[in-house]
Amino acid sequence: MRSLLFLVLISFCWADSYVANFTLERDRIFHIHENGPRLLVKAEESKVFSQRGGNITLPCKFYRPHAPSDFGLHKIRIKWTKLTSNYLKEMDVYVEMGYHKKSYGNYQGRVSLKKSTENDVSLVITNIMLEDYGKYKCEVIEGLEDDTAIVALNLEGMVFPYFPRLGRYNFNFHEAQQACLEQDAVIASFDQLYEAWRLGLDWCNAGWLSDGSVQYPITNPREPCGGKNTVPGIRNYGFSDKDLSRYDVFCFTSKFNGRFYYLIHPTKLTYDEAVHACLKDGAQIAKVGQMFAAWKLLGYDRCDAGWLADGSVRYPISRPRKRCSPTEAAVRFVGFPDKKHKLYGVYCYRSYQ
Ligand SMILES: *[C@@H]1O[C@H](CO)[C@@H](O)[C@H](O)[C@H]1NC(C)=O
C-alpha cells in the first residue's frame, strides 16, 4: 500500500513538471495527467558495497502502473550498462528480452538478473573484479517507453601512490593504467582518492586518476605541496595530455584470494634469487598492491625489508615501533636498489585459485 502511494506521489510530481514545460500543448497535458507515466524504474539503494571476489546485487525494479501485471512482459527489454567516470560513454554489461540473454566483455559468465519477482531486474554480479567498480545504469524499455535508474558499486579496498624504478613523474596516462595492473591493482577513481584522503592519505606528488585528471591529496598543508597556508584537500592539476604529460599514479586494490608472506630464508637475497626463492616455495614474488592490501586489510606487520616484483624493497608496519616505523603505521619504502645487492629478504604471494 505504501509503495502504491509513493507511486501516485511520483506520478503527480512528474505530471506537474510536465505541465510547466508544455503549457502550450493542452491536449497532451490532459492525457498525461490522467494516465501518469506508464513505466517507472527504481533502485532501492543508490549505492552498494562489496569487495574483490565477492558477489553483489545491484537493485533495480520496474513498475507499470497502468498495465495488467503480466501483460506483454516478454516484450520488455532490460539493459544494464556501465557509465564511464566522465559519463561520456556507456559500456554494455547485460541485455535481456524474453528468452534472449547476452552478457558482454569480462562480465560474461558473471552476470544474471535476480528475478525474485516479475518486476525485479536487479543485476547479480559474481566474483567481483577491481574493474567492476563504478556506476551502472539499469534501463527498462517497453515499446516507446523507457526509464532508467543508476546504482553505484563501491569496493572496499585501499588507494596507494605508485612510481616506477625510473623515478618520479615518469608515466603517461596509458603507462599509469598498465603500472597499476602490474601491481595487482587498477588506476584509482577520484572518489576512491577522496575517500583515502578523508582517511588521512597525504602524498605530495601528483598522480593520474581513472578520469584522466592529475591530482594529489594533502592532509598536512606545507610549503612544497601547494603552500603552507592552504586548506587540506585534494590538489587538482586538471586534465592533462594523456600521451605527453608524465606523472605518478594512484592505484586502487582490494582483498585478495591468496596468502601474502615474508619468506623465511637462511640468507639475504639478490632480486633474481628472491624471484626464484618464491617460485621454489610454490609461490610468486609479491606485488606492491598485495603488500598494501595485506597491510591495510589484514593488519600485516613485518619489520624486514624485502624485494617485491617491481624491483622495489618495502616492508609493512601496522604497529609503529622504534627502528621499524616509529611514528606511523605505513608501508615503508626503502627504494629501488641495485638488483644485484644481496641485502634483502623477499615477500611472496601464493594464489588460492
Ligand atoms: C558467489 O556466488 C557463486 C555462485 O552462486 C557461489 O558459488 C560463490 O560461493 C559465491 N561467493 C561468495 C563469496 O559468496
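When ranked by the protection proxy of mean other Cβ atoms within 10 Å per residue, highest first, what sequence do the peptides 268-278, 229-239, 164-174 form?
Going by the mean number of other Cβ atoms within 10 Å, highest first, we get 268-278, 164-174, 229-239.
Can you give me the distance in nm between label points at Asn236 and Gln51, each placed 7 Å from the Cα along the Cα-to-Cβ direction?
Between Asn236 and Gln51, the label points sit 3.2 nm apart.
Report the charge-dipole magnitude of the chain in Debye, nearest 20, computed about the Cα centre from +1 at each Lys and Arg Cβ and -1 at each Asp and Glu Cβ.
Roughly 1360 debye, rounded to the nearest 20.
At q = 0.23 Å⁻¹, what is the log10 ratio I(q)/I(0) for the range 40-155, with the Debye formula run over Cα points and no solvent?
Calculated log10 I(q)/I(0) at the listed q: -1.42.
Extension gain Thr117-Asp310, at 0.36 nm per residue separation less the Cα-Cα distance, in nm?
Gain on stretching Thr117 to Asp310: 64.5 nm.
Compute the angle between helix 288-298 and the longest alpha-carbon principal axis of the chain, please, reported from 0 to 90 degrees and rounded to the nearest 10.
The helix 288-298 is inclined about 70 degrees to the chain.
Rounded to the nearest 10 degrees, what's the angle between the helix 2-21 long axis and the longest principal axis of the chain, both from Cα atoms, 0 to 90?
Tilt of helix 2-21: around 80 degrees.
Against the longest alpha carbon principal axis of the chain, how many degrees, from 0 to 90 and to the nearest 10, is the axis of helix 271-280 turned?
Compared with the principal axis, the helix lies near 70 degrees.
Using helices alone, what [θ] at 222 nm do you get for the chain, with -39,500 (n - 2.57) per DSSP H run of 4 or more residues, divided over all residues and rounded to the nearest 500?
Roughly -6000 deg cm²/dmol at 222 nm, from the helical runs in the chain.
For the chain, set up a Gaussian network in which alpha carbons nearer than 10 Å are linked by springs, and say which option among Gly72, Gly200, Gly109 fluctuates the most.
Gly72
How much length is gained if the chain between Leu298 and Asn172 is pulled fully straight, taking 0.36 nm per residue apart and subtracting their Cα-Cα distance, in nm to one decimal?
42.1 nm
Quote the relative contact order of the chain in percent (integer), defining contacts as alpha-carbon pairs under 8 Å separated by 6+ residues.
This gives 14 percent for the chain.
Could you work out how far apart the two model spin labels at Thr148 and Asp281 are, taking each label as a point 7 Å from the Cα in the direction of the beta carbon, and quote it in nm?
The answer from the label model is 4.9 nm.
Let me check against my output: what whole-number percent is the relative contact order of the range 40-155, with C-alpha pairs under 8 Å and at least 6 apart?
Relative contact order comes out at 38 percent.
On a straight-distance basis, which lysines could pair with Lys47 in a cross-link, Cα separation under 26 angstrom, same-chain partners fewer than 8 positions away excluded?
Correct list for Lys47: Lys61, Lys79, Lys82, Lys89, Lys101, Lys102, Lys114, Lys115, Lys135, Lys137, Lys255, Lys296.
No lab work stands behind these numbers, since they all come straight from the coordinates. Predicted, not measured: the structure shown is a model, and the values here were computed from it. So basically every Cβ, Gly included, is an ideal-geometry build from the backbone, and we count neighbours across all protein chains shown.
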